[in-house]
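The values are calculated or read from the model by the stated rules, or taken from the named source; none is laboratory data. On a predicted model such as this, the values are computed, not experimentally measured, just so you know. Note: ideal-geometry Cβ built from the backbone for every residue, glycine included; neighbour counts use all protein chains shown. The area values use the complete protein model at the heavy-atom level, side chains included, leaving out ligands, DNA and RNA. Shrake-Rupley method; radii C 1.70, N 1.55, O 1.52, S 1.80 Å.
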Amino acid sequence: MTGMEAGLLLQTEIEAGLIPQTGLEAGLLLQLGLGALAVLTALTAAPFLRSRAVGILCTLIAVTGFLTGLVAMLGGTGGLRISIALPMDPLLLAPDRLGGLFMLIVSGVGILVSLYSMSSTHGPDASRTAWVAMPVFLVGMQLVPAATDSVSFLLALEIMTLGSTVLLLADHASRATVASAGIWYSAMSQLSFFFILAGFAVLAAASGGTSFSTPQAIEPGPANVAFVLFLLGFGGKAELVPLHVWVPRVLPEAPSHVSAAMSGAMVKIGVYGGLLVCVRLLPDGPAWWGIAIMVVGGASALYGILQASVSSDLKVLLAYSTTENMGLVFLGLGASLLLRGYDATAAADAALVAALLLAVSHAAFKSTLFLGAGAIIHATGERNLDRLGGLGARMPVTAAAFGVASLGAAAIPITSGFVAEWMLLQSLIHGGRLDGAVVSVTASVAMPLAVAVIALTAGLALLTFVKAYGIAFLARPRSAEAAKAREVPPLMQLSLALGALFVLALGLLPGPIAALVGHTVSSNPSAAVQSIGLGGVSLPGIGAVLDPIMLVVLSALVAIPVIVSIIVSARGHPHRTVDLPWGGGGSRARPRMQYTATSYAEPLVRVFDDVLKPSRDVQVTHVAESRYLVERVRVEQRVSDVFETRLYRPVLNLFQRYGIVVRHVANGSIHRYLSYSFVALLIVLIVVSL
Amino acid sequence: MFETFYPQLIGLCTGALLLTSALMVWRHSLLASIRLLALQGIALAALVAVIGIAEGESELVLVSLLILSVKGIGLPWVLAHQSKASIKQIQESPRLNPTAALLAVTLLTILSYVVVSRVFGLGDNETGHAAPIGLAMVLIGFLLLISRRRARSQLIGFLLLDNGIATIAFLTSGGVPVLLEFAVSLDVLLVVLILHVFTGRMRTKFGGTSVDQLRELHD
């Protein structure tokens, strides 16, 4: 065969789609192939090999997704075309820059989770079914941002939901709450799916095609309907109020690595959907879209963090905090939409980049936090903060990683959360004015309100994560299990450390990452966000600069002499130990005398009593001889979800009543069914002869 | 000669069909119902034969022989294939008392006349005039299905319904090709055989064939 013939053969093979043409196509094909291989391995591998073998394959899937996402984000083109038997256009998976970014986020979390799950899973979490579902979940999640038509988008979305549902149900045999969580999750995810499907249907009817790339000239009527449907659908996926009710049930009940993947990655698909709609499918929407998104986002942020701050269950706390963070992301998205409507492009771009950065940093710190919670459960079997404590000394790596991630979640400087919230605040503060003039009354009312929401949220978040970290890792153990805790296996430590490192890296060197993110959404990226100095970030449009490394260096210049002089002067005085003549009770301190998570949040519950509506139960047991002496007091406080009790419960009750009525109508009697058809036939005959 | 009798013969056959249907609703004994079914099959075969002779189509005569063998002899024999003594004891206790049932039959017959005349028009030939009988048989068969408790009585309702459909077909369009009729007849025979075996199993398993007891839905 001559070279020319070989070239010709290669050409035909490329045309026939046998050999991938571009890096993107190869990456997507590889993900699908590895996914199939992982499913096969999970089905056939021996139990003692299963976790390792499939875990490695899952890590490879995630790494492939990471690289593919990176190529797409840097502007790579090409994609995977899948012809299908149905009479419609072939499915086309070709991620653009924005899709690449989200593929990167999702698979980054996937890498952490796969590494972690290799040694964390045991028992039902490591069953064959669970390990089959894991690669399905990962691949589905990574393909959603790659979809360029609504059919493949919905298909990937459903594959993702299916995988996550099976993973959630892994432990259903041992706990009854898992089954209930599964029902809530299925119902709510199908509700979201229904809204998204309806939204795409409206769009397809209005634009005449299912592809995302067809020019969008859609009438305002259908566009508004589609927008509301998409907001409900993707809001449900992104855990926004009032469609968040599944979150506090599902994330705590799922195995920890699954909740990390759900909260860190799957929820971002909701964000991606929101961006897809507002940036790509229906650009230049009216101002009220921005306001609607801001209202939903702000309400979610406040409600989420409020619930998180009073929760004493570590995973419920993290779950509600996810609602808060997603609320902030949507607040940024809404603000950007609103500002773009008033031609404040620089501030709009900054808000959008801030929203994306928040999504990236949330993926990093929230998956680390959930994995940390998983490590705590692995070590103690407890997730109730009131029974933890003193884990810092026993689990140093977990404590360090959890601490860094908590700083990120509380948006403290030198972590990723701070950079994102700083940028969001900058864009909101400067967004109301353009060249010194007020852009509009709406914006000048909305922006300060949004700033207030973020300020309150940030304060409560600080309180929440001080509680989460302080009660769990500091002080003395509050239970025997916590006292006996041991550090988790090295692989789990590795993924925790990786997550924490990324939180720090994004916080210290935000510039390059922000510039990259800016490329994905802005038409003029260098005007929106730039990298300056040692990885610092600059927003030229609104004249704001943040350089964390410089800040660290400066504060070190100030702090080091002070610390050195303190140490030197301390050397001069020898250490003395003095026996206290009277300890004031402090010398007999017991673990029960410490603050608990519930008591720490108690003032907050009082302040927000009207919103949270807690139910308290105080039981006083008197000493048998006298009712003036108390033997023990038991206080129980439950904070239920207002939306669940006030909004969902009545609707569910209505459906239940309807179900009971219908059961009488269709009671299984053949005669009754036959009578129905007979009567129907008679009615038809009478009607046609009238 | 034949032309003068033709309308009367059509009237006689369709009258027999309607009469047997009404009697089936009235009588509660299973054996009587089976005999009436056989009679109805013979009447149907006679109707087809009369139409065939009047139209001069030998194929229809062939079909009438087929109907006679399947609906007049075969199916009743299958249904009654059990010791006469036991089948005589089977008494249906229907969900509708005989007076109400006969009243319902009257109303259904009137309804079918109204429907056919208003919707399709009665047409100007004798067979067209008799077409409502077929619809009435279908409705009466349905009535039997919902009013009878025992599986085997319901089977008879089902067969009556099938006869009704066949009657409509022959009266309005001069029947179907012989091959199709053959296939349909075999189908009905097969269904009846299966249901018959099924009823037998039901009786040995539960001791009774009252469909009312089959209310629990199982996975």
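Would you kindly find the accessible area of A:Tyr342, with a 1.4 Å probe and non-protein molecules such as ligands, DNA and RNA excluded, rounding to the nearest 10 Å²?
Using a 1.4 Å probe on the heavy atoms, I get roughly 60 Å².
Give the accessible surface of chain B per residue, rounded to a whole number of Å², with probe radius 1.4 Å and ligands, DNA and RNA excluded. Each step should come with its number before you reach the end.
Numbers: 10930 Å² over 219 residues.
Here the per-residue accessible area is 50 Å².
Give me the count of lysine pairs in chain A whose alpha carbons sit under 27 angstrom apart, restricted to pairs 8 or more positions apart or on different chains.
15
When the distances between all Cα atoms of the stretch B:2-211 are binned every 5 Å from zero, what whole-number percent does each bin get?
1, 7, 16, 20, 19, 16, 11, 6, 3, 1, 0, 0
Roughly speaking, what % of Cα-Cα pairs in the stretch A:332-463 are separated by over 24 Å, rounded to a whole number?
Considering the stretch A:332-463, 41 percent of its Cα-Cα pairs are separated by more than 24 Å.
Which of the peptides A:351-362, A:225-236 is most tightly packed, and how do the rest follow, going by the mean number of other Cβ atoms within 10 Å of each residue?
Details: A:351-362: 28.6, A:225-236: 22.7.
Highest to lowest by the protection proxy: A:351-362, A:225-236.
For A:Ser526 and A:Leu456, what does the FRET efficiency come to when R0 = 30 Å and r is the distance between their Cβ atoms, rounded to the nearest 0.05? Intermediate results must be reported in sequence, preceding the final value.
Values: r = 34 Å, r/R0 = 1.14.
The calculated FRET efficiency here is 0.30.
Would you mind giving the mean number of other chain beta-carbons within 10 Å of the Cβ of each residue in A:664-674, as a whole number?
Details: counts 0, 0, 1, 2, 5, 5, 8, 11, 2, 1, 8.
Per residue, the average neighbour count from other chains is 4.
Through the Karplus equation 6.51 cos²θ - 1.76 cosθ + 1.60, θ set to phi - 60°, convert the phi angles of the stretch B:131-148 into ³J(HN,Hα) values in whole Hz; use x for Gly and Pro.
Ordered by residue, 3J(HN,Hα) equals 3, x, 4, x, 4, 4, 5, 4, 5, 5, x, 4, 4, 4, 4, 8, 9, 9 Hz.
Would you list, by chain and number, the aspartates and glutamates whose Cα falls below 19 Å from the Cα of B:Lys71, excluding same-chain residues fewer than 8 positions away?
Partners within reach: B:Glu59, B:Asp162, B:Glu181, B:Asp187.
Output wanted: per-residue J couplings in Hz (rounded whole) for the stretch A:170-182, from phi through Karplus 6.51 cos²θ - 1.76 cosθ + 1.60, θ = phi - 60°, x for Gly and Pro.
Result, rounded to whole Hz: 3, 9, 5, 6, 8, 10, 6, 5, 5, 5, 4, 4, x.
Taking the Cα of A:Glu481, stepping 7 Å toward and past its beta carbon, and measuring to each backbone N in the stretch A:353-380: which are under 20 Å?
Only A:369-380 pass the distance filter.
For the stretch A:61-188, how big is Rg over Rh, using alpha carbon atoms and the Kirkwood form of Rh? It would help to have the intermediate numbers written out before the result.
Working: Rg = 16.2 Å, Rh = 15.7 Å.
Using only Cα positions, Rg/Rh for the stretch A:61-188 is 1.03.
Which order do B:Phe120, A:Phe402 take when ranked by solvent-accessible area (1.4 Å probe, heavy atoms of all protein chains), largest first? If you can, show how the numbers build up before the last one.
Numbers: B:Phe120 150, A:Phe402 0 Å².
Descending accessible area places them as B:Phe120, A:Phe402.
Run the numbers for A:Val665 and A:Ala570: contour at 0.36 nm per residue of separation, minus the present Cα-Cα distance, in nm. Intermediate results must be reported in sequence, preceding the final value.
Numbers: separation 95, 0.36 × 95 = 34.20 nm, distance 8.57 nm.
Difference between extended and current length: 25.6 nm.
What does the accessible area of B:Ser173 come to, in Å² to the nearest 10, when a probe of 1.4 Å is used?
Accessible area of B:Ser173: about 80 Å².
Taking amide H positions as placed 1.01 Å from N in the peptide plane, with prolines and chain starts having none, which residues 5 or more places from A:Leu80, or on another chain, fall under 5 Å of its amide H?
Here the answer is A:Leu93, A:Ala94, since their amide H atoms fall under 5 Å of that of A:Leu80.
If you take the accessible area of B alone plus A alone and subtract the pair, what total do you get in square angstrom, rounded to 100, with a 1.4 Å probe?
On the way: alone 11660 and 31050 Å², together 41150 Å².
Summed over both sides, the interface buries about 1600 Å².
Compute the normalised compactness of the stretch A:221-312: alpha-carbon radius of gyration over 2.2 N^0.38 Å, N being the residue count. Before the final figure, lay out the partial values.
Details: Rg = 14.4 Å, N = 92, 2.2 N^0.38 = 12.3 Å.
Relative to the rule-of-thumb radius for its length, the stretch A:221-312 sits at 1.18.
For chain A, what does the relative contact order come out to in percent, with C-alpha contacts under 8 Å and a separation of six or more?
On the way: 1157 pairs, mean separation 71.8, N = 690.
Once normalised by length, the contact order is 10 percent.
Check which residues have an amide H placed less than 5 Å from A:Ala544's amide H, if you skip close sequence neighbours.
Distant-sequence amide H within range of A:Ala544: A:Leu539.
Taking a probe of 1.4 angstrom, what is the accessible area of A:Val635 in Å², to the nearest 10?
100
Hey, rough spin-label estimate for A:Val635 and A:Ser211, points 7 angstrom out along Cα→Cβ, what's it come to in nanometres?
6.5
Roughly how tilted is helix B:58-67, in degrees to the nearest 10 and between 0 and 90, from the longest Cα axis of chain B?
20
When the convex hull of the Cα atoms of the stretch B:115-196 is projected onto a plane and the area is averaged over all directions, what value comes out in nm²? Don't skip to the end; give the middle numbers.
Details: hull surface 23.3 nm².
So the Cα hull casts an average projection of 5.8 nm².
Could you tell me the largest-minus-smallest coordinate of the C-alpha atoms of the stretch B:2-86 on each of the three principal axes, in descending order and whole angstroms?
Between the extreme Cα coordinates on each principal axis of the stretch B:2-86 lie 46, 24, 13 Å.
Taking amide H positions as placed 1.01 Å from N in the peptide plane, with prolines and chain starts having none, which residues 5 or more places from A:Asp313, or on another chain, fall under 5 Å of its amide H?
Here A:Leu385 satisfy the definition.
For chain B, which whole percent of the accessible surface, found with a 1.4 angstrom probe, sits on carbon and sulfur atoms? Provide the component values of the computation, followed by the final result.
Numbers: 7340 of 10930 Å².
Answer for chain B is 67 percent, counting heavy atoms of protein chains only.
In angstroms, what radius of gyration and Dmax does the stretch A:581-675 have, counting Cα atoms only?
25.7, 93
Can you compute 3J(HN,Hα) from phi for each residue in the stretch B:151-167, using the Karplus curve 6.51 cos²θ - 1.76 cosθ + 1.60 with θ = phi - 60°, rounded to whole Hz and x for Gly and Pro?
4, 6, 5, 5, 4, 5, x, 5, 5, 4, 4, 5, 4, x, 4, 4, 4
Compute the long axis of helix B:30-55 from its Cα atoms, compare it with the longest principal axis of the Cα atoms of chain B, and write down the angle in degrees, 0 to 90, nearest 10.
Between the helix axis and the principal axis of chain B, the angle is about 20 degrees.
Considering all projection directions equally, how large on average is the shadow of the alpha-carbon convex hull of chain A, in square nanometres?
Details: hull surface 187.4 nm².
Averaged projected hull area, Cα only: 46.9 nm².
Within the stretch B:147-164, whose backbone N sits under 16 Å from a point 7 Å along Cα→Cβ of B:Ala100?
B:147-149
Mind checking the mean number of beta-carbon atoms from other chains within 10 Å of the Cβ atoms in B:101-114? Numbers along the way, then the final one.
On the way: counts 0, 0, 0, 0, 0, 0, 1, 2, 0, 0, 4, 2, 1, 4.
If you average over the peptide's residues, the count of other-chain Cβ atoms is 1.
With r defined as the distance between the Cβ atoms of A:Leu74 and A:Tyr628 and R0 fixed at 60 Å, what FRET efficiency is calculated, to the nearest 0.05? Intermediate values should be presented prior to the final figure.
Numbers: r = 76 Å, r/R0 = 1.26.
Efficiency computed from Cβ-Cβ geometry: 0.20.
Assuming R0 = 35 Å, can you tell me the calculated FRET efficiency for the pair A:Met550 and A:Ile377, based on Cβ-Cβ distance, to the nearest 0.05?
0.30
Where does chain A land at 222 nm, in deg cm²/dmol rounded to the nearest 500, when only DSSP H runs of n ≥ 4 count, each adding -39500 (n - 2.57), divided by all residues?
Values: 27 runs with 464 residues, N = 690.
Counting only the DSSP helices, I get -22500 deg cm²/dmol.
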